[in-house]
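The values are calculated or read from the model by the stated rules, or taken from the named source; none is laboratory data. The shown structure was predicted, so the numbers you read here are calculated from the model rather than taken from an experiment. Heads up, the Cβs are rebuilt from the backbone with ideal geometry, glycines too, and the neighbour counts pull from every protein chain shown.
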Amino acid sequence: MRLIRQITRRKGWHLDTGIFVIHCDDSFWREIVELCLTCASAAVIDVTEPSPNVIWELETAFSLMPPESIVLACGISEGAAGSGA
């Protein structure tokens, strides 16, 4: 909680990019995601590999944040970008 407060106030961390990755134990990751989404001004969710956890993250983000604050990211294979179809 102290770490998240420091990030929110932008004190104690040198974050040039505004991006910070938090690693946590599997037993409480959902609580951490909810807390981070509550404090964040934007969220990027990787939907490259849909799973029940990704669906939960999407539902939680849309319940806690305005839709315009949520960015969905999806990886593509090298050949898919230039197919020109």
task = Looking only at the range 48-60, count how many residues are closer than 17 Å to Val21 by Cα and in contact (Cβ under 8 Å) with a residue 24 or more places away in the chain.
result = 1
inquiry  = For the chain, give me every one of the helices (runs of 4 or more DSSP H) that falls completely inside it and has 2 or more residues that are modelled with pLDDT of 65 or more.
reply    = 29-39, 52-64, 78-81
